[in-house]
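Engineer: The structure follows.
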Amino acid sequence: MGKMFTSIMLIASLIAISGCGSFVREIGDEELTPAGQRVNLTKNEPASGCVFVKDVSATAREFSSGASLSVRNRLRNEAGKVEANFVTIDTLTANGQDTVATLVGRAYKCPIDQQSSIGR
């Protein structure tokens, strides 16, 4: 009985640890998707050959000071989902006390030769 209890506790601990890892990953640094990696993020207006796709926004809340990076990556991923490759940031709000950051911008599809690499 003691060995079975120990085995059950070990399995429960592993499940709890793996669950915490998933939670931290969701809240922690947002990784860029392949589509998000192709998105330029800037405060500049796009070139004249760019076509507006949609308004995009992203929010990140986490326990570390990485909220700013996470929210930029989330915004790039959102733009990548609609095949945009350029985002003009309209609003950035950050609350350092709660480590919350929000970005709002406009996603565009631009010819590759007209993209700006500023802010990437």
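The values are calculated or read from the model by the stated rules, or taken from the named source; none is laboratory data. Values in this document were obtained by computation on a predicted structure and should not be read as measured data. Here the Cβ is made from the backbone with ideal geometry for all residues, glycine too, and neighbour counts use every protein chain on show.
Engineer: Show the residue pairs meeting these rules: Cβ distance below 6 Å; 6+ apart or different chains; first residue within the stretch 34-53 and crowded, with 17+ Cβ neighbours inside 10 Å; second residue assigned to a loop (DSSP other than H, G, I, E, B) and charged (D, E, K, R).
Structural biologist: Listed pairs, sorted by first residue: 40/120.
Engineer: Considering each residue of the stretch 36-53, count those that are assigned to a strand (DSSP E or B) and touching an Asp or Glu at 6+ places or on another chain (Cβ under 9 Å), and give that number.
Structural biologist: Here the count works out to 1.
Engineer: When residues of the stretch 54-69 are filtered for being under 18 Å from residue 90 (Cα atoms) and either modelled with pLDDT of 85 or more or surrounded by fewer than 12 Cβ atoms within 10 Å (Cβ to Cβ) (or both), how many remain?
Structural biologist: 6
Engineer: Can you confirm whether the stretch 28-51 contains a residue that is over 29 Å from residue 93 (Cβ atoms) and at pLDDT 55 or above?
Structural biologist: Keep residues of the stretch 28-51 that are over 29 Å from residue 93 (Cβ atoms), which gives 48-49.
Pick out the ones that are also at pLDDT 55 or above and you get 48-49.
Looking for residues that are over 29 Å from residue 93 (Cβ atoms) and at pLDDT 55 or above, one finds at least one in the stretch 28-51, hence yes.
Engineer: Within the stretch 86-120, track down each residue that is under 15 Å from the mean Cα position of the chain (by Cα), part of a loop (DSSP other than H, G, I, E, B) and either modelled with pLDDT of 90 or more or under 13 Å from residue 38 (Cβ atoms) (or both).
Structural biologist: Once the filter is applied, which keeps residues that are under 15 Å from the mean Cα position of the chain (by Cα), part of a loop (DSSP other than H, G, I, E, B) and either modelled with pLDDT of 90 or more or under 13 Å from residue 38 (Cβ atoms) (or both), the stretch 86-120 yields only 120.
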